[in-house]
Amino acid sequence: MTSRPPRVLGEIDSAVSERANRTWWDGEADEYHEEHGHFIGGDTPGGEFVWGPERYRESEARLLGDVAGRDVLEVGCGSAPCARWLKTQGANVIGLDVSIGMLRHGLESMQRDDAPVPLVQAGAEHLPFADESFDKACSSFGAVPFVADSARMMREVARVLRPGGRWVFATNHPIRWMFLDDPGPEGLVVRMSYFSRTPYSETGDDGEVTYVEHHRTIGDRVREIVAAGLLLEDIVEPEWPDDLEDEWGQWSPLRGSYFPGTAIFVCRKPE
């Protein structure tokens, strides 16, 4: 993967972000699964729930707690390996994603499963579910960094959760924003201010935005969660395993030995 310096551009709104990322993931779905499908459990019968490139698995972490018999929503499910794994644990799970290309991969993978998982195509800022429909919600590197109004997304998740419900999401650790997307030594040099909320974007030859990621600091994330009426119980920063030699884009053993690449926010809706 080539290094990409951050581009200093103006704000990019929700409609542009959603359209760009839907199109980008539709176009990249095949290549993404060819490169990462095995790691995320796309090829595994029953799927797999990996919280990030550090190989931190829900089967060990149990951040969602007991899911058997619970109604669970995965937001930004991609090809749904996490949702499929939750199904094997007895959850009544629904996967939601903006990209039909990613969801098609999920449908193909389910052909090897004992029971399918319902999948819904929709954006995360407007969840198409009634209030208090779910006991738990989760997202593993899905939706959170790709929506322009992540505060609205937090409110939407809080809305569809039942009292006492759990919301756990993993995303790029905010500290990563300061560095190039480079797994080598160049990726250890600070290039941009941690406090810059200017989104990263890519554009096509016609100038149309084709890919967007939005940065929020740790403090921003905490305030979004609290403003949505949720309680923040933990922030997990998985360490890079000593036996993991693989690189995944910007994630690598080198960078992982110096600073975290993933932040997992564990939240709860009050009773």
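The values are calculated or read from the model by the stated rules, or taken from the named source; none is laboratory data. All values reported here derive from a predicted model rather than from experimental measurement. Ideal geometry is used to build each Cβ from the backbone, glycine not excepted, and the neighbour counts take in all protein chains shown. In case anyone asks, the SASA skips ligands and DNA or RNA and just uses the protein heavy atoms, side chains included. Shrake-Rupley method; radii C 1.70, N 1.55, O 1.52, S 1.80 Å.
Taking the DSSP beta bridges in the chain as the whole, what percent of them are antiparallel, to the nearest 5? Approximately 55 percent, going by the DSSP bridge assignments. Here the ratio of the Cα radius of gyration of the chain to 2.2 N^0.38 Å is 0.95.
In the context of the full protein assembly, Ser79 retains an accessible surface of approximately 0 Å², using a probe radius of 1.4 Å and ignoring ligands and nucleic acids.
Panel values: the stretch 1-158, Kirkwood radius from alpha carbon pairs, Stokes-Einstein at 20 °C and 1.002 mPa s, translational diffusion coefficient 133 µm²/s. Looking at the chain, the accessible area is 44 square angstrom per residue; that uses a 1.4 Å probe and ignores ligands, DNA and RNA. Rounded to the nearest 10 square angstrom, Arg152 shows an accessible area of 80 square angstrom against a 1.4 Å probe.
For Asp131, the accessible surface of its heavy atoms amounts to roughly 100 Å² (probe 1.4 Å, protein chains only, rounded to the nearest 10). Working note: 222 nm ellipticity from helices only, DSSP H runs with n ≥ 4, each -39,500 (n - 2.57), summed and divided by the residues of the chain, gives -8000 deg cm²/dmol to the nearest 500. For the set Thr88, Thr262, Thr44, the ranking by accessible area, highest first and with no ligand, DNA or RNA atoms included, is Thr88, Thr44, Thr262 under a 1.4 Å probe.
For the chain, give the percent of accessible area contributed by carbon and sulfur heavy atoms, probe 1.4 Å, rounded to a whole number. With neighbouring chains kept in place, the figure for the chain is 49 percent. When Rg and the Kirkwood Rh are both derived from Cα coordinates, the Rg/Rh ratio for the stretch 120-202 amounts to 1.08. With the simple model of a label 7 Å out from the Cα in the direction of the Cβ, Gln121 to Asp206 spans 1.9 nm.
Reducing the stretch 230-257 and the stretch 20-63 to their Cα centroids gives an inter-centroid distance of 15 Å. Between Arg191 and Leu107, the simple label model (points 7 Å from Cα in the Cβ direction) yields a spacing of 3.8 nm. Protein-only accessible surface at a 1.4 angstrom probe places the residues Glu74, Glu233, Glu271, Glu108 in the order Glu271, Glu108, Glu233, Glu74, largest first. For the chain, averaging the sequence separation of C-alpha pairs within contact (under 8 Å, six or more residues apart) and dividing by the residue count gives a relative contact order of 22 percent.
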